[in-house]
Number of protein chains: 2
Amino acid sequence: MNRVKCTISYDGTNFQGYQVQPNKRTVQGEIERVLEKMHKGEEVRIHASGRTDALVHAVGQVIHFDTTISMESRNWQKALNAMLPEDISVREVEIVDSTFHSRFSCIGKEYRYRVYIGEVRDPLKRFYTYHYPYSLNLEAIQQACQYLLGTHDFTSFCSAKTEIEDRVRTIEEFQVDQVEDELIFRIKGNGFLYNMVRIIVGTMLDVGAGRFNPEEIPVILGAKDRTRAGKTAPASGLYLWKVYYK
Amino acid sequence: MNRVKCTISYDGTNFQGYQVQPNKRTVQGEIERVLEKMHKGEEVRIHASGRTDALVHAVGQVIHFDTTISMESRNWQKALNAMLPEDISVREVEIVDSTFHSRFSCIGKEYRYRVYIGEVRDPLKRFYTYHYPYSLNLEAIQQACQYLLGTHDFTSFCSAKTEIEDRVRTIEEFQVDQVEDELIFRIKGNGFLYNMVRIIVGTMLDVGAGRFNPEEIPVILGAKDRTRAGKTAPASGLYLWKVYYK
């Protein structure tokens, strides 16, 4: 068997998320359908670094699969890109050894989140940003970001439905910059809980709007209570940017 | 009667162009439908600076219409944006006097054209750029651009179906820059013939690919023959950027 690692991009707009679900169009479903064709009807299961929700985009999601087909990485890329729909592309292919696992070998991830802050909605950005047309204090947001850096229990910043018990994660980088009429959040960490980036961004926007002071972030972290943090920012602004391996 | 001037943006992806056509979704059709509702079923005809083709985007298209409704520009903008679909937005409204005409008062236009030059197709750019994954000589393109500046007969650079007899136009600015993995063409002139920007861009890409030398541009201009210029670049990369008035 050969193990194939693929770095993929997708436009999340027309997918009901990453993970296969019956009768729904998903990223995993589309890729597995193509692989099944290439393997003459034999099912091939793919594994991702993690799921993404409906409408969430990916610039550098990583998947892997095992195959009996022996082919150079360049040819895998060409074959897959020729057969995949226009809203998924394979940016890179690597033949890896069987110790590599897209999920278990992952040591960190980077997400980005785009907030469009123009006053009037922009049709060209409607699927690719969150439109937030209210005034924001960027300095306060940047100050608040600092409190989330490092190792914390992120119970307050993940979905209340999260079943994982250990909610301690490390955020290694977190910055926000204004680029023209957008705020771009970049967040890198060793792992993220369900909805964690969207809740963090939602809370940062609450800070920017003056609903929280930056100094309240440590208090919210300490409360370990989802209801204390801000709203979950919409999926359309979120990008899985990069997955890190050793 | 009050004359209302609107600067509008639209995502051309889901429109069959600007101009009303029976049973087709068009920008003009959507705006007139909203105005008809606001005027209690009375038809209101809108006038644009010019048409755009199917899939072409607009950042600063200008339209105007006459109305019996008296309302502040700010309220026009709010009302229209509340009723228009997500892929059209009104960026600015101005109450103008009856000598203003979106088409006849126009003294110039600026278009932009985005060419994505990355090797692998990018799902997030598929509706917003032209994907050209071949090697290009940017310097040659920049040199060729210079030959189009100024006043020329653009017969070679407009659709062979063009019925307008006077094909003399002035290009005031024309530049191309690489921004990350895109070439951005910006072209400003006193008027553009049918398909003119797309044929110019297509020809510039032919120069970049070495199919024409920059020095051949004056020869192509002089021939006044559409078959001498390059292919018409696809609609999806084109943006009507700005319309100029006195």
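Across the range B:94-151, Cα-Cα pairs farther apart than 19 Å form 59% of the total. Sorted from shortest to longest, the distances between the A:Ser98 label points of this copy and the other copies are 8.5 nm, with each point 7 Å from Cα along the line through the beta carbon. A Gaussian network model of chain B, with springs between Cα atoms under 10 Å, assigns the largest mean-square fluctuation among B:Ala54, B:Ala160, B:Ala235 to B:Ala160.
Here is how far apart the A:Glu165 label points are across copies: 8.8 nm, shortest first, using a point 7 Å from Cα toward Cβ. In units of the rule-of-thumb radius 2.2 N^0.38 Å, chain B shows an alpha carbon radius of gyration of 1.08. Give the distance, in whole Å, between the Cα centre of the range A:113-141 and the Cα centre of the range B:177-205. Going from one Cα centre to the other spans 29 Å. The ellipsoid equivalent to the alpha-carbon distribution of the range A:111-245 has semi-axes of 23, 17, 14 angstrom, derived from the gyration tensor eigenvalues as √(5λ) and listed largest first. With label points defined 7 Å past Cα in the direction of Cβ, position B:Arg51 shows copy-to-copy spacings of 4.8 nm, given to one decimal and shortest first.
Working note: Cα gyration tensor of the protein assembly as shown, eigenvalues times five, square-rooted, sorted largest first, giving semi-axes of 43, 32, 20 Å.
Select from the range A:139-243 those GluC sites (Glu not before Pro) which occupy a DSSP coil region and have at most 12 other Cβ atoms within 10 Å, ordered by residue number. For GluC sites (Glu not before Pro) across the range A:139-243 that sit outside H, G, I, E and B with at most 12 neighbouring Cβ atoms in 10 Å, the list reads A:Glu163, A:Glu165, A:Glu180. P(r) tail for the range A:130-179: Cα pairs beyond 13 Å make up 68% of the total. Qualifying GluC sites (Glu not before Pro) in the range A:42-132, where qualification requires a DSSP coil assignment and no more than 13 other C-beta atoms within 10 Å, comprise A:Glu42, A:Glu43, A:Glu72, A:Glu86, A:Glu119. About its Cα centre, the dipole of the protein assembly as shown is roughly 800 debye, where the only charges are +1 on Lys and Arg Cβ and -1 on Asp and Glu Cβ. Across the range B:120-137, computed HN-Hα scalar couplings (Karplus, 6.51 cos²θ - 1.76 cosθ + 1.60, θ = phi - 60°) run 9, 4, 10, x, 6, 10, 5, 9, 10, 9, 9, 8, 10, x, 9, 6, 9, 9 Hz from first to last residue, x flagging Gly and Pro. About the centre of its Cα atoms, the range B:109-245 shows a dipole size close to 460 debye [charges on the beta carbon of Lys, Arg (+1) and Asp, Glu (-1) only; nearest 20 debye].
Restricting the range B:119-173 to trypsin sites (Lys or Arg not before Pro) that sit in a DSSP loop and have at most 15 other Cβ atoms within 10 Å of their own Cβ leaves B:Lys161. Taking one quarter of the surface of the convex hull spanned by the alpha-carbon atoms of the range A:2-96 gives a direction-averaged projected area of 5.4 nm².
We did not get these values from a lab; they are worked out from the coordinates using the rules stated. Given the structure is predicted, the values throughout are model-derived calculations rather than measurements. Positions of Cβ are generated from backbone atoms using ideal geometry, with glycine treated the same way; all protein chains shown enter the neighbour counts.
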